[in-house]
1. Rounded to the nearest whole Å², what accessible area per residue is found for the chain with the 1.4 Å probe?
2. For the pairs LYS176/LYS239; LYS76/LYS233; LYS128/LYS315; LYS169/LYS343; LYS196/LYS217; LYS43/LYS67, flag any whose C-alpha to C-alpha distance is greater than 23 Å.
3. Mind listing which trypsin sites (Lys or Arg not before Pro) in segment 148-231 are in a DSSP loop and have 16 or fewer other Cβ atoms within 10 Å?
4. Given H placed on each backbone N at 1.01 Å, which residues far from VAL185 in sequence or on other chains put an amide H within less than 5 Å of it?
5. Do me a favour and compute the ellipsoid semi-axes for segment 287-334 from its Cα gyration tensor, root of five times each eigenvalue, largest one first, whole Å.
6. What are the extents of the Cα atoms of the chain along their three principal axes, listed from largest to smallest and rounded to whole Å?
7. Expressed as a fraction of 2.2 N^0.38 Å, the rule-of-thumb size for a compact globular protein of N residues, what is the C-alpha radius of gyration of segment 67-205?
8. Given only helices, namely DSSP H runs of n ≥ 4 each adding -39500 (n - 2.57), what is the per-residue ellipticity at 222 nm of the chain, to the nearest 500 deg cm²/dmol?
Amino acid sequence: MAPVTRRSAIRTLSALPAIAAVPAAGVFSALPRTARAAEFSYKYGNNLPLGHPLNIRAQEAADRIAKETNGRVEIKIFPNNQLGGDTDMLAQVRSGGIEFFTPSALVIATLVPVAAINAVGFAFADYKQVWAAMDGKLGAHVRGAIAKSRLYAFEKMWDNGFRQTTSSKAAVATAKDMDGLKIRVPVSPLSISMFKGLGAAPASLQFSEVYSALQTKIVDAQENPLPIIQVAKLFEVQKFCSLTNHIWDGYWFIANGRAWDALPADLRTVVARAINEAGLQQREDIRKLNESVVGDLQAKGLTINRPAADSFRAKLRDSGFYGEWKGRFGPEAWALLEEAVGKLA
């Protein structure tokens with residue numbers, strides 16, 4: 001299980017035209033040569049391919065941290081589920097088996113339920129609303145809840161993007177097209193609830209199982225942000241991509257609480273600054289990537305359509321989805337969400 005290297009990252013990027021468009025100059029600076037081993041050597045695991053902007057910017061942050069701490073802090077990156085699936089890595093970061101992990105909000109919500117609030121169906125109209133909420137009061141509320149689970153959440157979320165729907169059967173144009181659709185969703189009560197509310201037949205599978213499940217027709221559809229659809233080559237086993245923008249999801253960059261507390265204050269400052277600033281750069285990478293990826297997916301054979309959100313919101317409202325989750329998240333968190341996006345329920 002080798003960590004990210006400059007050679008392997010560049011090799012992966014060269015095979016991904018759209019992702020290679022992300023500015024890479026200066027990203028992979030050499031680690032400083034030190035005469036001694038790192039005082040703090042940490043493992044960071046994630047579920048994304050090496051060429052994804054999250055891993056590119058995480059490597060940049062790791063290199064910067066090594067340099068600015070004079071080699072005292074070393075972060076080794078293990079991408080692409082090398083250390084297990086999402087639930088495995090979440091357990092490992094809690095136990096201290098690994099020190100860093102970037103679960104999506106939907107994944108960490110299996111431990112901290114309120115963390116899923118950003119994934120309420122059709123809540124956010126655009127990124128302006130997303131960052132106002134997650135860099136503001138709502139994000140602070142969620143970080144406080146994560147801290148109660150002996151984990152430290154860095155201030156800036158990393159972008160996973162608005163989620164889109166792909167299918168091997170037909171395009172999704174209105175809520176009615178969801179009726180009976182066998183669709184893979186993350187291991188997330190909120191996602192399951194939303195798709196059931198839309199009339200679909202959701203199945204929870206780890207991301208590492210998605211390609212094979214689509215290929216063997218265990219499920220007919222899945223939903224993910226466009227860069228994930230691209231780098232995971234889901235276009236090879238899907239025919240239609242509907243830009244539903246049904247959920248915005250992001251990655252919380254989290255640390256094991258004991259490992260984080262073990263760092264001296266000056267090193268925590270260096271690590272936090274590097275990771276938060278890399279997160280801001282990754283957000284911009286995803287924005288640029290989304291601008292180019294639609295054309296790339298079309299060229300690879302996916303039929304793209306852009307459904308309006310109205311019928312989906314109406315179906316979720318009528319099915320009681322919004323009312324149910326307002327009760328489950330609680331009035332305080334729901335009020336912070338609606339402060340950023342307007343009235344939902």
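The values are calculated or read from the model by the stated rules, or taken from the named source; none is laboratory data. Since this is a predicted model, take the numbers as computed values, not measurements. Every residue, glycine as well, gets a Cβ built from its backbone with ideal geometry; the counts of neighbours run over all protein chains shown. Surface areas here come from the heavy atoms of the whole protein model, side chains and all, with no ligands, DNA or RNA. Shrake-Rupley method; radii C 1.70, N 1.55, O 1.52, S 1.80 Å.
1. Accessible surface, normalised per residue, equals 40 Å².
2. Too far apart for the 23 Å limit: LYS76/LYS233; LYS128/LYS315; LYS169/LYS343.
3. Here the sparse-neighbourhood loop sites are LYS148, ARG150, LYS169, LYS217.
4. HN-HN under 5 Å from VAL185: ALA203, SER204, LEU205.
5. Rounded to whole Å, the semi-axes are 34, 16, 8.
6. 64, 45, 32
7. Segment 67-205 yields a ratio of 1.21.
8. Estimated from H runs of four or more residues: -13000 deg cm²/dmol.
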